[in-house]
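Have a look at the structure below, then the notes.
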Amino acid sequence: QPTYDAPPTAQTLRNAVPRRGLNRRIVRMIKALFVFALVVGLLSLIYNFFALKEQMQGIKQILNTGNKGVIQTAMEDTAQASIVVVGGGLAGLAAAIEALQQTQGTKADVVMVEKEPRTGGNSAKASSGINGAWTDTQKVQGITDSTEAFENDTLRSGRGLSNGTLVKRLTQESAQSVAWLQSHFSLDLDIIAQLGGHSAARTHRRPDTADGRPQPVGWGIVSTLAARLSDQPRFRLVSEAQVVELIKDTRTSTSGVEGVVYKTIDGKLHRLRASAVVLATGGFAGDGGAANGLLHKFTPQLASLPSTNGKFATGDGVKLGMAIGADLVGMEHVQVHPTGFVSPADPTAPTKFLAAEALRGAGGLLLNGKGERFVNELDTRDNVTDAINAACSSTSTRAGYPDADANGPAAFLVLSQAAADAFGHGALGFYEKMRLINRATGISGLAAAMRVPLATLSKTLFSHDDVRSSGSVDEFGKKTFPQPALNADQTSLYFWAVVTPSIHYTMGGLRFDEKARVLQAGNQSPIPGLFAAGEVTGGLHGANRLAGNSLLECVVFGREAGRQAALTALKTINEGKL
């Protein structure tokens, strides 16, 4: 029979392993666990540090933008939206608001792509106002006007090159556009002025506040509309993102647009498909420094002039449209504004702060370097610019500051106390703080400050007021004299500045129709899914834009682009394609 060993006892097992070896193994295990815990804790601290740093950078970026909800996380490469609006100036904001209004009760959404940190564009810089013919505000103030007169003024300013259908729509919807801003957004557009080229006072702007602070009309409008959009759940704003391509629908013969490709600040590309795209990117009056820019291509003779535009105005939408075969019109027509401020601190700066046309609309006069008038200050912008170039270009006739030559044609802009009161001291004080407008006491003080002969200056201002009192037309064809040029007493203040012609607006751009549809080159049929509004378009203003029509076209055709984009998106939703 086989034999079996008895099972080991507990005592036998204790005797089999030395006590000292067991203790050493336990100590080593404890040390290893301690080191491991220390490393894990250190890595956690490092991770939390960088996560917190990233959060703080994000918060700082949001605070720096000045807009609620503009910082968005990067979108997926194949993201989807109902409507994409490219550009956040007034045209884009009006398009987005109208599109949301027209799609209430649906799942349609609007994504705005803006390449700057904040919305506003050049619309935020507009200072003279928005036109409206036969508005309620005009009626209250006893101003007689008509859409027919407004239409004629606009066509005359365009030198016969304006699209009559577009002009008719612009002028006929002008009163309701002003009312839309007043009633829907509580914007006080109660100051009305007659500006250059207008046959009646119809350019509406905002008054100073009760405590004398200025309310710039452009900034007031765009900031109010942007605030309204920021609270909309179906709206998203992607800032610091530039659209670099329009996505074409290659599945059908119509070759419409079905989205955009945009590049974010980190250099990444994102595809965003949509039922409709609205281009509201503005003009190209800010790309004068670019050798391959549109100014150099179409108007090289103007490319070296200073500009009132921001450097972001590089014609992005025009280039996007060109790339897919959109038609262009009027690219050779670039508006040079007669009055860009010359700063004594930097007289040759390539970017000028605009001297609002409302300064002349309030009664400001233009004088050459000798103290003489040479133009009807309320003529159209192109005529006033031509007059400055002709009368204020030589060393003896060019206005300027001591040791601060504008290095080009320049004129004096002079306002009496009455003209300054009519313009508003809030905005005037803003210019003064920027050292763009100066004060002088009495006519002798004005002559000394501008370094012109007192006798010549006195004769100039007296002659102006004589014609004004007689109710006749002066030698320059001026028949509207808003305010006297001379002050009532010798101790009252005059206000003066030096101004120079500066590139301000581009009349040319994408050819479009009265439904804001972008047209194809060749057959000029609408490109499906692509709409445009604002300075990115061409054909409305012809050879010269009338003062105050820029903000107006942004509202009229921005809203129309939003309506048409909404109809396109709703059709897609109803067909179950979105």
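The values are calculated or read from the model by the stated rules, or taken from the named source; none is laboratory data. This one's a predicted model, so the numbers in the text were calculated from it and none came from an experiment. All Cβ positions, glycine included, derive from the backbone under ideal geometry; neighbour counts span all protein chains shown. These area figures cover heavy atoms from the full protein model, side chains too; ligands, DNA and RNA do not enter into them. Shrake-Rupley method; radii C 1.70, N 1.55, O 1.52, S 1.80 Å.
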Got a number for the accessible area of Phe462? Probe 1.4 Å, square angstrom, nearest 10.
-> 110
Can you pull out the trypsin sites (Lys or Arg not before Pro) in segment 504-578 that DSSP calls coil and that have at most 14 other Cβ atoms within 10 Å?
-> Lys515, Lys577
What accessible surface, in Å², does a 1.4 Å probe find on Lys478, ignoring ligands, DNA and RNA and rounding to the nearest 10?
-> 0
Pairs of Cα atoms under 8 Å, at least six residues apart: use those to get the relative contact order of the chain, whole percent.
-> 21
Tell me, what is the per residue accessible area of segment 483-578 in Å², probe radius 1.4 Å?
-> 29
Which trypsin sites (Lys or Arg not before Pro) in segment 85-121 pass both tests, a DSSP loop state and at most 13 other beta-carbon atoms within 10 Å?
-> Lys107
Cα-based shape type of segment 240-315, given that a ≥ b ≥ c are square roots of the gyration tensor eigenvalues and the cut on a/c is 1.5 | prolate
Could you work out the local net charge near Met434, counting Lys and Arg as +1, Asp and Glu as -1, over the other residues with Cβ closer than 12 Å to its Cβ?
-> +1
Exposure rule at most 13 other beta-carbon atoms within 10 Å, DSSP loop GluC sites (Glu not before Pro): the chain longest free segment = 77-331
Please identify the helices of the chain, taking whole runs of DSSP H, that span at least 27 Å along their own axis as judged from the Cα atoms and have a mean Kyte-Doolittle score of 0.5 or higher.
-> 19-65
Among rounded, prolate and oblate, which fits segment 298-422 when a ≥ b ≥ c are the square roots of the eigenvalues of its C-alpha gyration tensor, a/c under 1.5 means rounded, and a/b larger than b/c means prolate?
-> prolate
Could you tell me what percent of the accessible area of segment 401-516 is made up of carbon and sulfur, with a 1.4 Å probe and every protein chain present?
-> 51
Filter the trypsin sites (Lys or Arg not before Pro) in segment 397-474 to those in DSSP coil with at most 15 other Cβ atoms within 10 Å of their Cβ, and list the result.
-> Arg435, Arg451
Considering the values (i) 0.92; (ii) 1.31; (iii) 1.59, which represents Cα Rg over 2.2 N^0.38 Å as calculated for the structure under consideration?
-> (ii)
For segment 118-179, just say rounded, prolate or oblate: build the C-alpha gyration tensor, square-root its eigenvalues into a ≥ b ≥ c, call rounded for a/c under 1.5, and beyond that prolate if a/b exceeds b/c, oblate if not.
-> oblate
For the chain, what is the mean residue ellipticity at 222 nm derived from helices alone (per DSSP H run of n ≥ 4: -39500 (n - 2.57); sum divided by total residues; nearest 500 deg cm²/dmol)?
-> -11500 deg cm²/dmol
Projected area averaged over orientations for segment 274-346, convex hull of C-alpha atoms, nm² | 6.3
Enumerate the aspartates and glutamates that Lys107 could reach by cross-link, defined here as Cα to Cα under 20 Å, with residues fewer than 8 away along the same chain left out.
-> Glu76, Glu98, Asp231, Glu258, Glu575
Normalised contact order of segment 335-454, rounded percent, pairs of Cα under 8 Å and 6 or more residues apart = 28
Flagged as over-length at 26 Å C-alpha distance, from Lys115/Lys168; Lys115/Lys297; Lys168/Lys577; Lys319/Lys515; Lys297/Lys478, the pairs are Lys115/Lys168; Lys168/Lys577; Lys297/Lys478
Can you spot the lysines whose alpha carbon is less than 21 Å from Lys352's alpha carbon? Ignore those fewer than 8 places along the same chain.
-> Lys125, Lys311, Lys433
